[in-house]
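**Q** One structure is given below, represented as structure tokens, and several questions about it will come after.
Quick note: the coordinates plus some simple rules give every number you see, no bench work behind them. Only a predicted model underlies this, so the values are computations on that prediction, with no experimental measurement involved. Reconstructed Cβ throughout: ideal geometry from the backbone, glycine too, with neighbour counts over all protein chains shown.
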Amino acid sequence: MRIAILSHIRHPIAPPFMGGMEAHSHSLASELAGRGHKVTLYASGDSVPPAGVRLRPIVAQHYDRVYPWHRFHGTDALNAHLDQAFAAILPELAAGQYDIIHNNSLHRYPPRLARQAGVPMLTSLHVPPFDTLRRAVHASGADWCRFTVCSEHQRQLWSDGAGDRFTHVAPNGIDTALWQFRPEGDGSAVWFGRITPNKGTGDAVQAARVANLRLKIFGPIEHEDYFNETVRPWLGDTISYGGNLAPRDLAREVGRASVALFTPCWDEPFGLAAIEAMSCGVPVAAYDRGAVSEVVTEGCGVLADSNDVRSLSKAVLQARHLARGTVRDLVLRRYDLSRMVDRYEDLYRQCQAARTAPADAIRFPPWELPDIGFQRPVEETRLGV
């Protein structure tokens, strides 16, 4: 198949990854290309696609460099930048050069284009719903325009009742050969991910201190003030920060630990870091929030009350004694990358089959595509979103 993967443009799709969405797009492109598909990755121009994957830049560089999220989120300036970038590629996406488009962009234009123009598209919803995208999703569902969520919890959040038959649960998958099993830990704890308030790095630091365990922290510092306030003051012999590592180096460091802390302070859609640690055989102590209980199941980790450091410290001490082989086996059964892509390929075929239906079977909603080349933000009322 000729497949376009449409990514978001906040960060480059390049290792070391800023977070789970970047890792997802990169590993998906790699696996699809390895299966013989012709894959084009739509992303920022400073992305580094896997071998055999063509990069088609949406913008020259990722927008966080010019419009940092914490300063520009929700502003007219950033919205205009995003609207103009995604509007510019719509004619290309509608031209029929791809058999299927896998949309990871989190932008409202692509699913609306797919619904109106009959473009086969599968959109993966990696975040809790926000209003603009929710309206686009609920208006765009069709047999050729389907959606995936990564957990049952996410499915319920995105549900609108009428369009639910177009939404499918497809758990995230990882390269279990990269996240290799290690039969023993060194007694330490590990936390890894984007260092920002909704990831709860500071809570992990305090829980490790209460549990009297060494803690190693890895990941990009997305929120400098948060790092300086909740992590930096405790760095020393017991708490250490190792930077943002390439995937293979990170997997090696994670595998050395005896327990991983997973501390979402938001409505967690899935928990990619949790399954990466579990793939190494490392049991997880996690806040029970969002979809975490679907991923960190009994025998593989211990759940703590949300935002409760003392509860988390107790979970850490309990989880480190769980059988690492059991933890690894769960990931092999449920979350291997090949299982995720098998699921996606099946949904690709469903979207394609619907698109080849007679033209009079396709009904388009009354909304207007944005003008290509506009310089100002497109008004929501004009688009009907």
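**Q** Extension gain THR75-ASP160, at 0.36 nm per residue separation less the Cα-Cα distance, in nm?
**A** Numbers: separation 85, 0.36 × 85 = 30.60 nm, distance 2.77 nm.
Difference between extended and current length: 27.8 nm.
**Q** Calculate, in nm to one decimal, what ALA95 and VAL210 gain on full extension: separation in residues at 0.36 nm each, minus their alpha carbon distance. It would help to have the intermediate numbers written out before the result.
**A** Working: separation 115, 0.36 × 115 = 41.40 nm, distance 5.85 nm.
Extra length available between ALA95 and VAL210 comes to 35.6 nm.
**Q** What is the dipole size for the chain, taken about its Cα centre, with +1 at each Lys and Arg Cβ and -1 at each Asp and Glu Cβ, in debye to the nearest 20?
**A** On the way: 41 positive and 42 negative charges, 117 e Å.
I would put it at about 560 debye.
**Q** Which of rounded, prolate, oblate describes the range 201-268, given a ≥ b ≥ c as roots of the alpha-carbon gyration tensor eigenvalues and a/c under 1.5 marking rounded, otherwise prolate only if a/b is larger than b/c?
**A** Values: a/c = 1.30, a/b = 1.13, b/c = 1.16.
Here the range 201-268 falls in the rounded category.
**Q** Just check the range 1-80 against the gyration tensor rule for me: Cα atoms, a ≥ b ≥ c as the square roots of the eigenvalues, rounded for a/c under 1.5, and otherwise prolate or oblate depending on whether a/b exceeds b/c.
**A** Values: a/c = 2.66, a/b = 2.11, b/c = 1.26.
The shape class here is prolate.
**Q** List the residue ranges in the chain for DSSP H helices whose C-alpha atoms run 24 angstrom or more along the long axis and whose Kyte-Doolittle average is 0.0 or above. Provide the component values of the computation, followed by the final result.
**A** Working: long enough: 76-94 (27 Å, 0.58); 337-355 (27 Å, -1.01).
Membrane-span-like by this criterion, though nothing is claimed about a membrane: 76-94.
**Q** How many percent of the alpha carbon pairs in the range 82-231 exceed a separation of 23 Å?
**A** On the way: 6162 of 11175 pairs.
When all Cα pairs of the range 82-231 are counted, 55 percent exceed 23 Å.
**Q** Using the C-alpha atoms of the range 1-48, what convex hull volume per residue, in cubic angstrom, is computed?
**A** Looking at the range 1-48, the number lands at 62 Å³ per residue.
**Q** Can you tell me the FRET efficiency between GLU152 and LEU332 if r is taken as the Cβ-Cβ distance and R0 is 22 Å, rounded to the nearest 0.05? Don't jump to the answer; show the numbers that get you there.
**A** On the way: r = 21 Å, r/R0 = 0.95.
That gives a FRET efficiency of 0.60.
**Q** Now for a different question. Compute, for the range 189-334, the length of the dipole vector about the Cα centre, with Cβ point charges of +1 (Lys, Arg) and -1 (Asp, Glu) only. Units Debye, rounded to 20.
**A** Details: 17 positive and 17 negative charges, 126 e Å.
Here the range 189-334 has a charge dipole of around 600 debye.
**Q** Please give the residues of the range 73-107, grouped as numeric ranges, whose backbone N is less than 20 Å from a label point set 7 Å along the Cα-to-Cβ vector of GLN352.
**A** 93-104
**Q** Continuing with this model, one more query. Assign one of three labels to the range 1-152, namely rounded, prolate or oblate, based on the Cα gyration tensor with a ≥ b ≥ c the square roots of its eigenvalues; rounded applies when a/c is under 1.5, prolate when it is not and a/b is larger than b/c, and oblate otherwise.
**A** Cα axes put the range 1-152 in the rounded bin.
**Q** Could you grab the Rg to Rh ratio for the range 189-334? Cα atoms only, Kirkwood for Rh.
**A** On the way: Rg = 13.6 Å, Rh = 14.6 Å.
With Rh from the inverse mean 1/r over Cα pairs, Rg/Rh is 0.93.
**Q** Then there is this: Taking the simple approach of a point 7 Å from Cα along Cα-to-Cβ for both ALA51 and GLU224, what is their distance in nm?
**A** 3.8 nm
**Q** For the range 74-155, give the share of DSSP beta bridges that are antiparallel, in percent and rounded to the nearest 5; count only bridges with both residues there. Could the numbers behind the result be given before it?
**A** Details: 1 of 9 bridges.
About 10 percent, rounded to the nearest 5.
**Q** Rounded to the nearest 20 debye, what is the charge dipole size of the range 176-254 about its Cα centre when +1 sits on each Lys and Arg Cβ and -1 on each Asp and Glu Cβ?
**A** Details: 9 positive and 10 negative charges, 41 e Å.
That gives a dipole near 200 debye.
**Q** Counting each pair of different Cα atoms once, what's the Kirkwood radius of the chain in Å, rounded to one decimal? List each step's numbers first, then the result.
**A** Numbers: mean 1/r = 0.0465 Å⁻¹.
After inverting the pairwise mean of 1/r, the radius is 21.5 Å.
**Q** Report, ordered by chain and residue number, the lysines lying within cross-link reach of LYS314, taken as a straight Cα distance under 22 Å and ignoring same-chain residues fewer than 8 apart.
**A** In chain and number order, the partners are LYS199, LYS216.
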